[in-house]
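Since the structure comes first, as structure tokens, the remarks are kept for the end.
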Amino acid sequence: MTRLGRHRDAGQAFPIYITVVAGLLFLAFAYLAVGQAAVTRGEAQTAADAAALAAAQETREQLTELWLANVLEPDSWQPILEGDVPVGSACWRAHQLAARNDAHLDECASDEPLGYSVVAVTNEAVGDSIVPGTEDQRATERATAVIEPRCSFELPVEGSGDDVLPSLTCDDREWELKPDDLTDLPGPEDLFDVHLAH
């Protein structure tokens, strides 16, 4: 092959190289855009999870305070443990946790009887990318947290005396409650379990 032929082949290959490199760059930017969106969605899910859990934990605290205030009245225990009592909304706590995770809530609702559902939206947008119209998009994710009672008991037999309280069994631990010695009582985490619903 002559020198002229070799130069002609090289000249024909150059546009192909340019096309391949441009294609690879496009793919790299596309993967970057997908990565940006995935990170933003992850941030929204983290904010939603934290917000829902915070609201449920706040409600758990309120229920525990009610139980402690009525510990000498065993007839009132079951409605409290089942969440069948009026408590204040804990959405304010959910809003706090969403803000700490650089997001805000579009929705926060109490799920009867025990739980909270939220919808979190990131404050930061996805950002500039090669996909038109995504730079102002924000991620939206939802989460639900539930509160489950961990304890069971049996009411004392009638006539056994006013000074008898039921034994409270919380998972594998039993609490022997004495009206004249209420120093060792179960805490919120003993009475209720809080977790995300999947």
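Listed residues ALA99, ALA120, ALA145, ALA52; which is hydrophobic (A, V, I, L, M, F, W, C), assigned to a helix (DSSP H, G or I) and in contact (Cβ under 8 Å) with a residue 24 or more places away in the chain?
ALA52 is the lone residue from the list that is hydrophobic (A, V, I, L, M, F, W, C), assigned to a helix (DSSP H, G or I) and in contact (Cβ under 8 Å) with a residue 24 or more places away in the chain.
Would you point out which residue out of LEU114, LEU81, LEU97 is in contact with a Cys (Cβ under 9 Å, 6 or more places away or on another chain), surrounded by 15 or more Cβ atoms within 10 Å (Cβ to Cβ) and among the hydrophobic types (A, V, I, L, M, F, W, C)?
LEU81
Name the pairs whose Cβ atoms lie under 6 Å apart, with the first residue in region 181-196 and at pLDDT 90 or above, the second surrounded by 12 or more Cβ atoms within 10 Å (Cβ to Cβ) and aliphatic (A, V, I, L, M), and 6 or more positions between them or separate chains?
Correct list of pairs: PHE192/ILE147; VAL194/ALA56; VAL194/ILE147; LEU196/ALA145.
Restricting to region 41-70, name every residue that is touching a Leu at 6+ places or on another chain (Cβ under 9 Å) and farther than 22 Å from LEU165 by Cα.
ALA47, ALA48, ASP49, ALA50, ALA51, ALA52, LEU53, ALA54, ALA55, ALA56, THR59, ARG60
The values are calculated or read from the model by the stated rules, or taken from the named source; none is laboratory data. Please read these numbers as outputs of a predicted model, since none were measured by experiment. Don't worry about glycine lacking a Cβ; one is built from the backbone with ideal geometry, like all the others, and counts go over all protein chains shown.
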